[in-house]
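The values are calculated or read from the model by the stated rules, or taken from the named source; none is laboratory data. On a predicted model such as this, the values are computed, not experimentally measured, just so you know. Positions of Cβ are generated from backbone atoms using ideal geometry, with glycine treated the same way; all protein chains shown enter the neighbour counts.
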Amino acid sequence: MILLRSYEFRDELQWMHTSAVLAMLANVNRGKNSRPYEWSDFNPYASSRKKSTSPKITAKHNQLFDKMSQALNRKDG
């Protein structure tokens, strides 16, 4: 579970960088009368922050994770 969150965090950081570069390129090439672009215009995570769509982890999920962890530990040990 921690590893999954780590990948999600890394992906979000990479999108922050990419969207900042895209916003800069768009602003350099925009017309004089058009509005300036922001990084959030190009970031797919920007709109998901406002409304959380991530699944909620329940006690049932935690029990399942514990059973999986125990099964893996038995195979290793």
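Summary of values
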{"quantity": "Subset of the range 21-42 [out of contact with any Ser or Thr (no Cβ under 6 Å at 6 or more places or on another chain) and either among the aromatic types (F, W, Y) or not in a loop (DSSP other than H, G, I, E, B) (or both)]", "calculated": "V21, L22, A23, M24, L25, A26, N27, V28, Y37, S40, D41"}
{"quantity": "Criterion violated by S47 - all others in (1) part of a helix (DSSP H, G or I); (2) modelled with pLDDT of 75 or more; (3) surrounded by 10 or more Cβ atoms within 10 Å (Cβ to Cβ) satisfied", "calculated": "(2)"}
